[in-house]
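Comments concern the structure below.
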Number of protein chains: 2
Amino acid sequence: MLLKILIKMYRTHTCGELNANHIGQAVTLSGWVQKIRDLGAVIFIDLRDRYGITQLSFNENNRDLLEQARKLGREFVIQAKGKVVERASKNPKLPTGDIEILVEELEVLNESEIPPFTIEDETDGGEELRMKYRYLDIRRNPVKNNLIFRSKVTQLVRNYLADQGFIDVETPYLIKSTPEGARDFVVPSRMHPGHFYALPQSPQTFKQLLMVGGMDKYMQIVKCFRDEDLRADRQPEFTQIDCEMAFIEQEDILQTFEGLTKHLLKEIHGIEIADFPRISYEEAMRRYGNDKPDIRFGMEFGDLTEAAKGKGFNVFDQQEAILGIAVPGAATYTRKQIDKITDWVKRPQIGAKGMVYVKYNEDGSFKSSVDKFYSQDDLSEWAKITGANPGDLILVLSGNLDATRAQLSALRMEMAERLGLRKPDEFAPLWVVDFPLLEWDEDTGRYHAMHHPFTAPKPEDAHLLDTEPGKVRANAYDLVLNGNEIGGGSIRIHDKAMQAKMLNLLGFSDEEAQKQFGFLMNAFQYGAPPHGGIAFGLDRLVAILGGQETIRDFIAFPKNNAGRDVMIDAPDTISQEQLDELHLRIVE
Amino acid sequence: MLLKILIKMYRTHTCGELNANHIGQAVTLSGWVQKIRDLGAVIFIDLRDRYGITQLSFNENNRDLLEQARKLGREFVIQAKGKVVERASKNPKLPTGDIEILVEELEVLNESEIPPFTIEDETDGGEELRMKYRYLDIRRNPVKNNLIFRSKVTQLVRNYLADQGFIDVETPYLIKSTPEGARDFVVPSRMHPGHFYALPQSPQTFKQLLMVGGMDKYMQIVKCFRDEDLRADRQPEFTQIDCEMAFIEQEDILQTFEGLTKHLLKEIHGIEIADFPRISYEEAMRRYGNDKPDIRFGMEFGDLTEAAKGKGFNVFDQQEAILGIAVPGAATYTRKQIDKITDWVKRPQIGAKGMVYVKYNEDGSFKSSVDKFYSQDDLSEWAKITGANPGDLILVLSGNLDATRAQLSALRMEMAERLGLRKPDEFAPLWVVDFPLLEWDEDTGRYHAMHHPFTAPKPEDAHLLDTEPGKVRANAYDLVLNGNEIGGGSIRIHDKAMQAKMLNLLGFSDEEAQKQFGFLMNAFQYGAPPHGGIAFGLDRLVAILGGQETIRDFIAFPKNNAGRDVMIDAPDTISQEQLDELHLRIVE
């Protein structure tokens, strides 16, 4: 048997922990050369690792060492042995700012080329360059801290749910392609030529089968995959906190995951939040034009349709909906400022035809772009409806109801952004409930599941399934935080006949339904308990809890908007041998 | 805003928690009908959920309810309200055995067909049937408890490593195919026709890049994928506890993960284990014929090559190696028993040509199958070499060294199994270290990496790389538990030139090396720190910690030996539309 060998010991301490209490100690540090200040007779080096920065000092008492230090470059990896001494000029901003290491031995562990961008909190590297050299980007505090933060959040989530009796179960990644939902990534099977696995868009059916299996409280933090045409800040692979419970109703789920969210806000930000508000989908659309409203600020919609019609203003008279918001304190906006807002809503991404404004002056008078058609009394009525106060600016859009809601919702968010009302350190969660079960899709001429095909109708609405399916509401709910849907779920169907009916409504023939979801419907025949669940988008949740909105900054190795990993250069071609083994040919 | 609605409350308690302290309480339980005993005037039902079993009782005081109960079937899902009462005949084996529920209200939440196998600890269902109805199999205690156990192990692992400063970082699943190692599963890219992602065989290069990125201590419990021709108990997707550390040496890693393993054994089994033994690969092969020896028992190899040659026994005289083990207390085996062992080693899976035995009788005499050639003194020498005591049976195999070691190792394990020496509740971990860096592959006529192409040679052996690469040892190590490799890792190369040289040795041209691993070698140019890591096979670790060896029993939804999920019937065909979008055609 061998004996344990002595550890060479790359470091006795990290670069973040030494302070005045350590003065006089002999220490060994390892890390990266962040900065070199060569003052001739003295050289100072900022040595950096994951934990912080410590100053190394070299002087003429040891000329060899001074020369060695002079040859170091940025991002060299070095090991330094020396004594902790008090600094001549202290740096109160640095936890280690009271001390420095008077170096006695120096070893270069690895050299470095000059990095393609500066390893600083504010770097000179652009997005694409930073992604190509992501391993250097991760050395920067903002990225490093985001990854550490993410790790902390997942640990909090896992332990909280474990304490609540949830079992962490891994579901398979090589599953079966299903036509409902987004497009699947598929994986050709070599052992079964012509057959494919699919990567899961979510573990939905498996977690339901775990409920049928009696597992009763399931959780998993799991990668999911969607082959969608990519949009900014959407990733082909993303992470879900996936949960399911049996013998529960909607209320149990809301309370459990409200508890989780409160726990996170408390542990991370020290914020105690009262019970989350709940509003119905219909109410959210009416008040905010949006099913994921940011309620950190007001500017709720006022419905001016009745008040504004029939006054001779042709544009309004023809419209289905006339909706307005009161922008606080913006009555003093100049014509030029307002024109810019008008241009903004007319951009193709928003698509409004035009915008009407009403300045509610501090003196109580009104000045609008439609003064020709509306009296001061009319406008006073608008102010009442939109909740405007003197000093506010009322902005009004009109047109088809759905489109106008979407446009005004975008405008509401934009104005809040401009006014600094979307404070990253303020957290305003709410539940949106009572979603419609189905939505009509004009393109395909059929209903689509608003949540997914396994969502149960509200029992009191189920009788409408045959007659007015569009009116059926679901026991489906979203958890919204600061204008983002961070979680969504539903009570599921647990009855074979109801599941078959739902799949028929979604355009599946009986045969297709059986081929795709037969295993689930069969399972429902063997004592499936009532169940439901929720899934949180971890990438977004972490970003929002971190006070940011770009999920890519919280993913270690994200893909770009074309779905490419520019660092490893994937996807890439594969060999003819691989294609042959898979019985595949590429068609140009 | 909506008010919180009242929870219907499927249950006030689980089926595992009621006892004499609850007598008199009104409770609601939900669960599955495990068993119905209809005594005419009284019906008893065992109600089961994840937490246990509680007896429900119905009697003639409520005839309607009695009739309802009579109509229930096995695995029906029901809700029962009633009062906790003391049982007439208590069941001390059941935590709830002192009480029963006198049911007052009964609701069928879902009916059930007769399940295809019994939901009992010992079921009548065969493997294939249980896999097809895995959701029913999971209701059985053995499977359910394994999944709960797995969840507990991963929680212990994560929290232990978090306490040690490890950061949980998710690495991507859609990466790039590399020709080294096993075969990749690939994922065709729709947005980049003719290009493919690959699913990771391990996050190896990403975790190394995290070290280059300064992350310093990384951990992840992560799915990995290998498209291998499947063997029994091997899965195309499997789970790894994946770890990497920077600024460390082998010793740091051994101590860290020995600490983790001790922690698991302590927390799970209450076992305190002293420092793990360490043996070199060479020593493991010499003493056990195997680099993952089970050291719960002895039967170490004795090398009889010198002692047994030159005595006129032709069979031995021609062989490279003659190796024996002493099977404790087996000298009394009959001729028939020994013949059976001989037949066993001659099976094609083992491949021995024959076996020699020596009975070391209790009276000190020897009786062997080669008495014609060897004296009592000769055999006494064999006993000394194999460590045999009176009453033992010495079994001897001979032939080519490598083959003989493998055969005798298999025999050693088989004899230990037969003698009950492989006790599932005993845990004997050890480290095997100093693995060879490379192994020669006759088929391809080149060296293969014994661990993987990123493993560093031992500094003291590096000079042999150009002259005798086969003799170079690596700073590579395996953690072995009860005859299974549960973890393995190495100190990595962190120098570009060394990595290039290694890839050349493995048959990569400079161009291929650059195309496949250029991103990693480039990263090494920007200040890569010394680093190393380890990965544990979670499926096997959990199985062994659970006192079992079949990993499939610890996976919620495993694939069969043909890589199929027989429950969901995957892999499956995909639509022509999907193939067209991917620019692929299937070649017959």
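Amide H to amide H distances under 5 Å link residue B:104 with B:81, B:82, B:83, where only residues 5 or more positions off or on other chains count and H is placed in the peptide plane. Relative to the other identical copies, residue B:40 shows label-point distances of 11.4 nm, where the label point lies 7 Å from Cα along the Cβ direction and values run shortest first. Once the Cβ-Cβ distance of residue B:588 and residue A:228 is raised to the sixth power relative to R0 = 35 Å, the FRET efficiency obtained is 0.65. For the segment A:216-228, counting C-beta atoms of other chains within 10 Å of every residue's C-beta and taking the mean gives 3. Annotation: peptides B:203-210, A:467-474, ranked by per-residue average of other Cβ atoms within 10 Å with the highest first, follow the order B:203-210, A:467-474. What a 1.4 Å probe finds exposed on the stretch B:20-110 is 48% carbon and sulfur by accessible area, rounded to a whole percent.
Given 37 °C and 0.692 mPa s, compute D for the stretch A:20-110 with the Stokes-Einstein relation, Rh being the Kirkwood radius over Cα pairs; round to the nearest whole µm²/s. This corresponds to a translational diffusion coefficient of 255 µm²/s.
Roughly how crowded by other chains is peptide A:141-153, in terms of the mean Cβ count from those chains within 10 Å of each of its Cβ atoms?
For this peptide, the per-residue mean of nearby foreign Cβ atoms is 3.
In whole Å, how far is the Cα centre of the stretch A:180-240 from that of the stretch A:506-582? For the stretch A:180-240 versus the stretch A:506-582, the Cα centre distance is 4 Å.
Please state the relative contact order of the stretch A:445-551 as a whole percent: Cα pairs under 8 Å, 6+ residues apart? With pairs under 8 Å counted, the relative contact order is 27 percent. This model, with +1 at the C-beta of Lys and Arg and -1 at the C-beta of Asp and Glu, gives the stretch A:20-110 a dipole about its Cα centre of some 300 debye. By the rule of a C-alpha distance below 14 Å, with chain neighbours fewer than 8 residues away ignored, the aspartates and glutamates paired with residue B:217 are A:49, B:163, B:168, B:170, B:242, B:244, B:249, B:252. Name all residues of the stretch B:551-569 having a backbone nitrogen under 15 Å from the label point set 7 Å from the Cα of residue B:417 along its Cα→Cβ direction, giving them as ranges. Only B:551 fall inside the zone, counting backbone N under 15 Å. Applying 1/(1 + (r/R0)^6) with R0 = 45 Å to the Cβ-Cβ distance of residue B:441 and residue A:105 gives a FRET efficiency near 0.55. For residue A:306 and residue B:504, a Förster radius of 56 Å and the Cβ-Cβ distance give a FRET efficiency of 0.10, rounded to the nearest 0.05.
Can you give me the accessible area per residue for chain B, using a 1.4 Å probe, in Å²?
Numbers: 23740 Å² over 588 residues.
That works out to 40 Å² for each residue.
Ligands, DNA and RNA left out, the 1.4 Å accessible surface of the stretch A:479-580 is 46% carbon and sulfur atoms. Note that the stretch A:346-403 shows a convex hull volume over its alpha carbon atoms of 96 Å³ per residue. The ellipsoid that matches the Cα gyration tensor of the stretch B:53-168 has semi-axes, each √(5λ) in whole angstrom, of 36, 21, 14, with the longest given first.
For the listed residue pairs A:458/B:81; A:309/A:359; B:93/B:559; A:262/A:559, the alpha carbons are over 28 angstrom apart in B:93/B:559; A:262/A:559.
Determine which aspartates and glutamates satisfy two conditions relative to residue B:367: a Cα distance under 14 Å, and not lying fewer than 8 residues away in the same chain. Leaving aside aspartates and glutamates fewer than 8 places away in the same chain, those within reach of residue B:367 are B:377, B:378, B:381, B:392.
Equivalent-ellipsoid semi-axes (√(5λ), Cα gyration tensor) for the stretch A:165-312, whole Å, largest first? Semi-axis lengths for the stretch A:165-312 are 37, 25, 15 Å. Only alpha carbons enter this Debye calculation for the stretch B:301-368, each as an equal point scatterer, and the log10 of I(q)/I(0) it gives at q = 0.13, 0.25, 0.29 Å⁻¹ is -0.43, -1.30, -1.32.
A point 7 Å from Cα along Cα→Cβ stands in for residue A:580, and the other copies hold the same point at 3.0 nm, listed in rising order.
Taken across both chains, chains B and A shield about 12500 Å² of accessible surface from a 1.4 Å probe.
Each Lys and Arg adds +1 at its Cβ and each Asp and Glu adds -1 at its Cβ; summed about the Cα centre, chain B shows a dipole of about 1280 debye. Compared with the direct C-alpha span, the chain from residue A:39 to residue A:515 gains 163.8 nm at full extension, assuming 0.36 nm per residue.
In a fully extended conformation the segment linking residue B:375 and residue B:525 would gain 47.3 nm over its present Cα-Cα distance, using 0.36 nm per residue. Per residue of peptide A:516-528, the mean number of Cβ atoms on other chains within 10 Å of the residue Cβ is 6. For the stretch A:304-341 versus the stretch B:60-74, the spacing of their alpha-carbon centroids is 67 Å. Under a 5 Å amide H cut-off, with hydrogens placed 1.01 Å from N, residue B:239 pairs with B:224, B:538, B:539 among residues at least 5 apart or on other chains.
Coupling constants for the stretch B:437-451 follow from the phi torsions by the Karplus curve (6.51 cos²θ - 1.76 cosθ + 1.60, θ = phi - 60°), and in residue order they are 6, 10, 10, 7, 10, 5, 4, 8, x, 8, 6, 10, 6, 5, 9 Hz; glycine and proline get x. Indicate the gyration tensor shape class of chain B (rounded, prolate or oblate), computed on the Cα atoms with a ≥ b ≥ c the square roots of the eigenvalues: a/c under 1.5 is rounded; otherwise a/b larger than b/c is prolate and the rest oblate. In terms of gyration-tensor shape, oblate.
Taking the accessible area of the stretch B:297-422, probe 1.4 Å, and keeping the other protein chains in place, the carbon and sulfur fraction comes to 47%.
Think of the protein assembly as shown as having a plus end and a minus end, set by charges on the Cβ of Lys, Arg, Asp and Glu; of A:61, B:382, B:220, A:61 sits farthest toward the positive end of this dipole. The angle between the Cα long axis of helix A:376-386 and the main principal axis of chain A comes to about 60°, on a 0 to 90 degree scale. Projecting label points 7 angstrom from Cα along Cα→Cβ for residue B:273 and residue A:347 puts them 6.1 nm apart.
Relative contact order, whole percent, for chain B stands at 12, derived from Cα pairs under 8 Å and 6 or more residues apart. The angle between the Cα long axis of helix B:401-418 and the longest principal axis of the Cα atoms of chain B comes to about 30 degrees, rounded to the nearest 10. Sorted on the mean count of surrounding Cβ atoms within 10 Å across their residues, most packed first, peptides A:347-353, A:288-294, B:150-156 read A:288-294, B:150-156, A:347-353. Heavy-atom accessible surface, probe 1.4 Å, ligands and DNA/RNA ignored: which residues of the stretch B:174-191 lose at least 20 Å² versus the isolated chain? Correct list: B:174, B:176, B:177, B:183, B:185, B:186, B:187, B:188, B:190, B:191. In order along the stretch A:323-339, the phi-based Karplus estimate (6.51 cos²θ - 1.76 cosθ + 1.60, θ = phi - 60°) of 3J(HN,Hα) comes to 10, x, 10, 9, 8, x, x, 9, 5, 8, 4, 7, 4, 5, 4, 5, 4 Hz; Gly and Pro are listed as x. Plainly put, the tip 7 Å out from Cα toward Cβ on residue A:318 is 10.3 nm from that tip on each other copy, the closest given first. The slack in the chain from residue A:23 to residue A:363, taken as 0.36 nm per residue of separation less the alpha-carbon distance, amounts to 115.7 nm. Oblate is the label for the protein assembly as shown. Its Cα gyration tensor axes, ordered a ≥ b ≥ c, give a/c of at least 1.5 and b/c at or above a/b. Estimated translational diffusion coefficient (Stokes-Einstein, Kirkwood radius over Cα pairs, 37 °C, 0.692 mPa s) of the stretch A:376-446: 208 µm² per second. Taking a ≥ b ≥ c as the square roots of the eigenvalues of the alpha carbon gyration tensor, the stretch A:278-412 is rounded, as a/c is under 1.5.
Spacing of the modelled spin labels on residue B:182 and residue A:12, each 7 Å from Cα toward Cβ, amounts to 4.5 nm. Contact residues in the stretch A:546-588 (at least 50 Å² less accessible area with all protein chains than alone, 1.4 Å probe): A:557, A:568, A:571, A:572, A:574, A:583, A:584, A:585, A:586, A:587.
The values are calculated or read from the model by the stated rules, or taken from the named source; none is laboratory data. What you are looking at is a predicted structure, and each value in this text was computed from that prediction instead of being measured. We place every Cβ from the backbone using ideal geometry, glycine too, and count neighbours over all the protein chains shown. These accessible areas exclude ligands, DNA and RNA; they are computed on the full protein's heavy atoms, side chains included. Shrake-Rupley method; radii C 1.70, N 1.55, O 1.52, S 1.80 Å.
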